[in-house]
Amino acid sequence: MKINGKEFEFGNHTYVMGILNVTPDSFSDGGRWNQLDKALKHTEDMIREGADVIDIGGESTRPGYGDILPDEEEIGRVLPVLTAIRERFDVPISVDTYKSGVAEAALKAGAGLVNDIWGFQYDGRMAGVTARYGAACCLMHNRKEPVYEDYLEDVKKDLSRSVDLALEAGVPGEQILVDPGIGIGFGKTYEQNLLLMNRLEILDELGYPVLLGTSRKSMIGLTLDLPASERLEGTLVTTVMAVMKGCAFVRVHDVKENKRAIRMAEAILAAR
């Protein structure tokens, strides 16, 4: 896979995608990085700590996030930060959006990956826009309600449909990541999230590298009875599991700590 010209090889290493929320209302860090100077400083910190990709999001997708943000407002949040990062740092950039208008504006400004929480199934133009700009994509599993006939099989079928949409639009297979969509806001109950975490390897049957995004999420909060600000240890457990199950990326808030956990887990797994 290539993101902004940087090559990523999968199979023996788990990369880190650092989260940069430029929103006033994200579930764990809303309002912390929605000023340009703070966003740039946080980006610099994440790069220094080992982030391989910076994922910029302009709309909160916390559980019950409510009204859809107009494209113009989301673009107004994302583009100044994205442009400034491109000018100052040599780091691949992902845009976290499910709207083709926002994705196109970000890709024009230099983003290299589209991270879509609806796996190209919300906006019919998303796949085509991604293909036209030669970008990579992360296709996340999502449903409006946690209703399934055969939960794990249905997750695979839904993701397979997302992959088909990408391929049909002309996105090369080597430019596709899939994401199980861990999160109570993503059409899964607490118990379903735990089950999918335990069975992540079923996604290998799709034949595409997996990105896991669990950082500070409600699955961890409900298990440990902790607020978002105290979920680091729980997140690190899921990151180590991601390494053990061969995930290509983890998407995290706390880059330094997760990077260290990955290095330790990989060293143990490499021992012979």
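The values are calculated or read from the model by the stated rules, or taken from the named source; none is laboratory data. Remember, it's a predicted structure, so these values are computed and weren't measured experimentally. FYI the Cβ positions are ideal-geometry reconstructions off the backbone, even for glycines, and counts take in every protein chain you see. In case anyone asks, the SASA skips ligands and DNA or RNA and just uses the protein heavy atoms, side chains included. Shrake-Rupley method; radii C 1.70, N 1.55, O 1.52, S 1.80 Å.
Here are the numbers for the structure shown:
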{"item": "Dipole of the chain, positive end: most advanced residue of Ala127, Tyr148, Gly110 [Cβ charges, Cα centre]", "result": "Gly110"}
{"item": "Area accessible to solvent at Arg77, 1.4 Å probe radius, in Å²", "result": "50 Å²"}
{"item": "Under Karplus coefficients 6.51, -1.76 and 1.60, residue-wise ³J(HN,Hα) of segment 102-109 in Hz, glycine/proline x", "result": "5, 4, 5, 4, 5, 5, 4, 7"}
{"item": "Accessible area in the full protein assembly, largest first, 1.4 Å probe, for Lys41, Lys188", "result": "Lys41, Lys188"}
{"item": "The chain - charge dipole about Cα centre, Lys and Arg +1 at Cβ, Asp and Glu -1, debye rounded to 20", "result": "560 debye"}
{"item": "Loop-located GluC sites (Glu not before Pro) in segment 116-194, at most 10 other Cβ atoms within 10 Å (DSSP)", "result": "Glu149"}
{"item": "Tally of Lys pairs whose C-alpha atoms are under 24 Å apart, taken over segment 146-272, 8 or more apart or cross-chain", "result": "12"}
{"item": "Added length on full extension, which subtracts the Cα-Cα distance from 0.36 nm per residue, Phe89 to Ser229", "result": "47.6 nm"}
{"item": "For segment 171-272, accessible area per residue (1.4 Å probe, heavy atoms of protein chains only), Å²", "result": "44 Å²"}
{"item": "3J(HN,Hα) from dihedral phi, segment 132-140, Karplus parametrisation 6.51/-1.76/1.60, rounded to Hz, x for glycine, proline", "result": "4, 8, x, 8, 7, 8, 10, 9, 8"}
{"item": "Normalised contact order of segment 93-186, rounded percent, pairs of Cα under 8 Å and 6 or more residues apart", "result": "29 percent"}
{"item": "Per principal axis, descending, Cα span of the chain in whole Å", "result": "42, 39, 38"}
{"item": "Three-way shape call for segment 178-272 based on the alpha-carbon gyration tensor, with the a/c threshold at 1.5", "result": "oblate"}
{"item": "Whichever aspartates and glutamates have a C-alpha closer than 17 Å to that of Lys38, once near sequence neighbours (fewer than 8 apart) are set aside", "result": "Asp25, Asp29, Glu49, Asp55, Glu87, Asp254"}
{"item": "Residue-wise HN-Hα coupling along segment 14-24, computed from phi with Karplus coefficients 6.51, -1.76, 1.60 (Hz; x: Gly, Pro)", "result": "9, 8, 10, 9, x, 8, 10, 8, 9, 10, x"}
